[in-house]
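Take a look at the structure set out below.
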Amino acid sequence: MSEFSVVTVDDEPLALSRLEIVLRGVPGARLVGSASSCDAAVALITERRPDIVLLDIRLRDGTGFDILDRLPRDVTPAVIFITAFDHFAIRAFEVSAVDYVLKPIDAGRLREAVDRARARIIADDSVGQVKEMRAVIADLRAEFHDKARSPYETELWIRGVTGNLTRVSLDLVDWVSSEDDYVRLHTGATSHLLRLSIRAFEARVDPTQFVRVHRAALVRVSRIAEVRRSPTGRRDVILRDGTRIATGRIHAKRLRAVLLERDGPNPGTPAA
């Protein structure tokens, strides 16, 4: 299989551009089209019948699962999910019919997924593989809609430098700090580094559970033991384990509002 055709589907123009750039460096890859909506993707894949589809899970007008459900039965490309939602990606990774690449897209990881997809195409083009893929897609689709009842993440899968994956429940996260293009999740005596901006992380978690106290820090509300004024007039958040985190002036008012809304006014608690 010296040459293989690829279709990319994502509603983010920058993501499509990134995929196109990476595919140029994959020997034999021939990009035959891109789509940014469910309707356009179904039409494109049906017409071009690509060997491989790089498919975003969540689009503005539906999901990648909706697209696969609408394809004709005889159109069965190898599927690689492109996703920022780790719990769906891990489920996909555990089966043989589909693979995944997490956003932000890593060129090496995408090439690895494409190589696996090509190997599956070469090794097995049977009806059994088609049935397996459709069963997996149905499974993932059901899980996606179950999770979609809440728009916020409850756990994250974090890939380490060796490629190992670690599941981190957000219930265990005490606070989050920003480190350039990464965030560090502090879970008691340990921490985990995730390639994500603090703003993007904040958008993915329940705002009733996490509050921004500084431009570079988010804190789990239930871990706050006290808000203490420093000798210089700055207000610091003191966590239950004694960790002290400085608050920013802009965020101090929001913190106060969240604490009062959650617990009600308490004359014995220092004002935030």
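The values are calculated or read from the model by the stated rules, or taken from the named source; none is laboratory data. None of the values given here were measured: they were computed from a predicted structure. Neighbour counts are summed over all protein chains in view; Cβ atoms, including those assigned to glycine, are modelled from backbone coordinates with ideal geometry. With ligands, DNA and RNA removed, areas are computed over all heavy atoms of the protein, side chains included. Shrake-Rupley method; radii C 1.70, N 1.55, O 1.52, S 1.80 Å.
A single member of Ser191, Ser177 is touching a residue at least 40 places away in the same chain (Cβ under 8 Å) and on the phi < 0 side of the Ramachandran plot, and it is Ser177. Got at least one residue in the range 42-49 being open to solvent by less than 70 Å² (accessible area, probe 1.4 Å) and either in contact with a helix residue (DSSP H, G or I) (Cβ under 8 Å, 6 or more places away or on another chain) or at positive phi (or both)? Looking for residues that are open to solvent by less than 70 Å² (accessible area, probe 1.4 Å) and either in contact with a helix residue (DSSP H, G or I) (Cβ under 8 Å, 6 or more places away or on another chain) or at positive phi (or both), one finds at least one in the range 42-49, hence yes. The residue that is farthest from Ile158 (Cα to Cα), counting only those in the range 179-214 that are at pLDDT 90 or above and among the basic types (Lys, Arg), is Arg212.
If you check Asp86, Asp61, Asp56 for being surrounded by 15 or more Cβ atoms within 10 Å (Cβ to Cβ) and at pLDDT 80 or above, only one passes: Asp56.
The residue that is nearest to Arg60 (Cα to Cα), counting only those in the range 17-41 that are open to solvent by less than 30 Å² (accessible area, probe 1.4 Å) and either in a helix (DSSP H, G or I) or charged (D, E, K, R) (or both), is Cys38.
Scanning the range 1-16 for residues that are within 20 Å of Thr76 (Cβ to Cβ) and buried (at least 17 other Cβ atoms within 10 Å of the Cβ) yields Phe4, Ser5, Val6, Val7, Thr8, Val9.
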